[in-house]
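Note sheet for the following structure.
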Amino acid sequence: MADQDVFVNVVGGVKVTETSADLALLLAMVSSLRDRPLPQDLVVFGEVGLAGEIRPYRASGAYLRSGKHGFRRAIVPAANVPKKVPEGMQIFGVKKLSDAAKRF
């Protein structure tokens, strides 16, 4: 992506200040480069470090509640995977950006 200009537009003019949005934004860019859309039932949370490592985040229960809104799959930091996964939901814990990119 070093030769690409990247512009990110967040719907509704929302200011993205939460670092757990890092992984979702990066996967959207990977999706665009591959010309392959992300699944509509996928929710993504995670902070990404400069070396591509996926860091855990504080509000780890947010993606569990996303199942109530039709999301059936989640990509989250490996450290945030719960011991008990809600019925009907798949949760993929990842440690690196490359691991997350392989999940779709």
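The numbers here are math on the coordinates, done by the rules we state, and not lab data. This structure is a prediction, so every number in the text was calculated from the model and none was measured. Using ideal geometry, Cβ is built from the backbone for each residue, glycine included, and neighbour counts are taken over all protein chains shown.
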Inset, instruction - Measure nothing fancy, just the Cα-based angle from helix 22-34's long axis to the longest principal axis of the chain, in degrees from 0 to 90, nearest 10. - result: 60 degrees
Inset, instruction - For the stretch 80-88, just list the computed ³J(HN,Hα) in residue order, Karplus coefficients 6.51, -1.76 and 1.60, θ = phi - 60°, integers in Hz, with x standing in for Gly and Pro. - result: 9, 6, x, 5, 10, 8, x, 4, x
Legend entry - Hits among lysines - C-alpha to C-alpha of LYS68 under 21 Å, sequence gap 8 or more where chains match: LYS83, LYS84
Legend entry - Whole-number D in µm² s⁻¹ for the stretch 20-101, Kirkwood Cα-pair radius fed into Stokes-Einstein, 25 °C, 0.890 mPa s: 193 µm²/s
Legend entry - Those aspartates and glutamates that a straight Cα-Cα span of less than 19 Å connects to LYS102, excepting residues fewer than 8 apart in one chain: ASP22, ASP35, ASP41, GLU47, GLU53
Inset, instruction - Could you grab the relative contact order for the chain? Cα pairs under 8 Å, six or more apart, rounded to a whole percent. - result: 24 percent
Inset, instruction - Could you tell me which trypsin sites (Lys or Arg not before Pro) in the stretch 1-71 are loop residues by DSSP with no more than 12 other beta carbons within 10 angstrom of their beta carbon? - result: LYS15, ARG58
Inset, instruction - Take each of the peptides 93-101, 3-11, 49-57, average the number of other beta-carbon atoms within 10 Å over its residues, and list them starting from the highest. - result: 93-101, 49-57, 3-11
Legend entry - Potential extension, SER31-ASN9 segment - 0.36 nm per residue separation minus Cα distance: 6.4 nm
